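Enquirer: Take a look at the following structure, please.
The values are calculated or read from the model by the stated rules, or taken from the named source; none is laboratory data. Keep in mind that what you see is a predicted model, and the values were worked out from it rather than measured. For the accessible areas, the whole protein counts, side chains as well, though only heavy atoms, and no ligand, DNA or RNA atoms are used. Shrake-Rupley method; radii C 1.70, N 1.55, O 1.52, S 1.80 Å.
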Amino acid sequence: MTKVLLSVHVLAAILAVGSITVAASMFPRYALQASGGQDPDGRAAGIAALLHRICRGYAVAGLAVPVFGLATGALLGVLTDAWLIASLALTVVAAAILAMAILPGQQRLLALTQDSATQDGQRPAATRLTMLTGIFNVLWAIVVILMIVRPGSTTGA
């Protein structure tokens, strides 16, 4: 059962979190293109809207990552290990950044692309969103490293 839970945990992380990191990283570029008069056919606006929907959808699917991770950790008896607690804390921080900053920031930027009179506010908003997405991505990279290295592990891995 542990192997099944671990497999679902890893697959969910790759598919959900991986999709969010890629889509969120690409979003600011297309949102800016959509707003600066560089998008006469509306292609960039459509891509930005799609990337936002991907982030929103996979954020919900991403809830499976900690659920199956906790289930796996419980079966392995490692819920009190420092590396797992640190990973959980970083996961909570990453989820908070996604839910409270990245997704609303994308929504605001999409709204700004509809209003050509507010083009001046789009560049700082996109820059902030890019920074937050980078932080989100780094947090997940650290979590992956902790999951692989597992400081204090007796397996030697």
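Enquirer: Mind checking the full-extension length gain between residue 149 and residue 80? Use 0.36 nm per residue of separation minus the Cα-Cα distance, one decimal, nm.
Expert: Numbers: separation 69, 0.36 × 69 = 24.84 nm, distance 1.62 nm.
Full extension from residue 149 to residue 80 adds 23.2 nm.
Enquirer: May I pose another question? Excluding ligands, DNA and RNA, what is the solvent-accessible area per residue of the chain at a probe of 1.4 Å, expressed in Å²? Mind showing how you got there, number by number?
Expert: On the way: 8720 Å² over 157 residues.
Spelled out: the 1.4 Å probe surface of the chain, per residue, equals 56 Å².
Enquirer: Okay, moving on. I need the phi-derived Karplus couplings for segment 53-66: 6.51 cos²θ - 1.76 cosθ + 1.60, θ = phi - 60°, integer Hz, Gly and Pro marked x.
Expert: 5, 4, 4, 5, x, 6, 5, 5, 4, x, 4, 5, 4, x
Enquirer: Could you work out what % of the accessible surface of the chain is carbon and sulfur, using a 1.4 angstrom probe and leaving DNA, RNA and ligands out of the count? Walk me through the intermediate numbers first.
Expert: On the way: 6090 of 8720 Å².
That share works out to 70 percent.
Enquirer: In whole Hz, with x marking every Gly and Pro, tabulate ³J(HN,Hα) for segment 137-147 from phi via Karplus 6.51 cos²θ - 1.76 cosθ + 1.60, θ = phi - 60°.
Expert: Values per residue, Gly and Pro as x: 5, 5, 4, 5, 5, 5, 4, 4, 4, 4, 5 Hz.
Enquirer: While we're on this one: Could you derive backbone 3J(HN,Hα) for segment 15-32 from the dihedral phi with the Karplus parameters 6.51, -1.76 and 1.60 (θ = phi - 60°), listing whole Hz in sequence and x where the residue is Gly or Pro?
Expert: 6, 7, 5, x, 5, 5, 4, 5, 5, 5, 5, 7, 4, x, 4, 6, 5, 5
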